[in-house]
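Below you'll find the structure, written out as structure tokens, and then a few comments.
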Amino acid sequence: MAVIETQDLTKVYGKRDAAVHALRGVDFKVESGEFVAVIGPSGSGKSTLLHLLGGVDRPTGGSIKVENQELSKLSEKQLSLYRRRRIGFVFQYYNLVPVLTVEENIALPLMLDGLKPDQAWLDELLTRLNLTEKRNSLPNQLSGGQQQRTAMARALIHRPALVLADEPTGNLDSHNGREIMALLKDTVRRVGQTLVLITHDANIAAQADRIMIIEDGLIRPMQPVQQA
Ligand SMILES: Nc1ncnc2c1ncn2[C@@H]1O[C@H](COP(=O)(O)OP(=O)(O)OP(=O)(O)O)[C@@H](O)[C@H]1O
Ligand SMILES: [Mg+2]
């Protein structure tokens, strides 16, 4: 079953002379449980596509269905519930809340629903992401890589059906990058999640079930690179 299906999806930022056609008609399908890597040059529309899939922004035209629900038909309130409950989103620039600690940032999607995180799962995430000693720190007391790992934990804490990750290893050294990928692949398998991940790293893209190239606002499918 297709979890995500877009048809002729377009996104235009700005108006008239200043208009930027970030997506020019994207047809994109992701099956349940699939791991799809999205690659492509800077400015090609990768983050824009992920923001539309995650309900963070709305398209200019076309259709976007997640689990057969047309996102453009959702009210703002329904869209915010969709973001919080169905999606785990790792933003390219983290988007942590500056006045909340690491632990509070991670628990945020649940706290907004009046729920408490599963403590064992929270502890496991902190351990695996090498954040245990930083659990009471504020974001401005963290390195870029620690902020990125906090954003990853926040995306996984509620075990969402769909994980959308925008260059989640962009600021990490190879050890932490490998650990994040191992954790992601583990949870995806354990929870049965679908994963769409943007990366500039060919080694990470090669781990996906499928690679999609986005160029100048259009997507082209490609077979996974065979590893030697
Ligand atoms: N909020 C915005 N307002 C105006 N233009 C935007 C906005 N966000 C993105 N753009 C433009 O849309 C195009 C696609 O941007 P996008 O962020 O999707 O690229 P990207 O593929 O994620 O690039 P990168 O690899 O550098 O992160 C770019 O030309 C960018 O300048
Ligand atoms: Mg981007």
Looking only at the range 187-211, and only at residues there that are over 15 Å from the mean Cα position of the chain (by Cα) and either closer than 20 Å to R86 by Cβ or within 16 Å of ligand 2 (Cβ to nearest atom) (or both), the one that is surrounded by the fewest Cβ atoms within 10 Å (Cβ to Cβ): R190
Looking only at the range 41-56, count how many residues are near ligand 1 (Cβ under 6 Å from one of its atoms) and touching a strand residue (DSSP E or B) at 6+ places or on another chain (Cβ under 6 Å). 5
Would you confirm whether or not the range 144-152 contains a residue that is hydroxyl-bearing (S, T, Y) and within 18 Å of V188 (Cβ to Cβ)? no
Given the conditions (1) in contact (Cβ under 8 Å) with a residue 40 or more places away in the chain; (2) touching a strand residue (DSSP E or B) at 6+ places or on another chain (Cβ under 7 Å), and given that G170 satisfies all but one, which numbered condition is not satisfied? (2)
Collect the residues in the range 173-204 that are within 16 Å of ligand 1 (Cβ to nearest atom) and closer than 28 Å to Q119 by Cβ, keeping them in residue-number order. L197
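Scan the range 154-205 residue by residue and report those that are β-branched (V, I, T) and part of a loop (DSSP other than H, G, I, E, B).
I157, T169, T199
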If we take the range 1-99, then strands (runs of 3 or more DSSP E) inside it with 3 or more residues that are surrounded by 14 or more Cβ atoms within 10 Å (Cβ to Cβ) and not β-branched (V, I, T) are 2-13, 20-31, 61-66
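We did not get these values from a lab; they are worked out from the coordinates using the rules stated. Everything numeric here is computed off the predicted structure, so don't read it as measured data. Cβ: placed from backbone, ideal geometry, glycine included. Neighbour counts: every protein chain shown.
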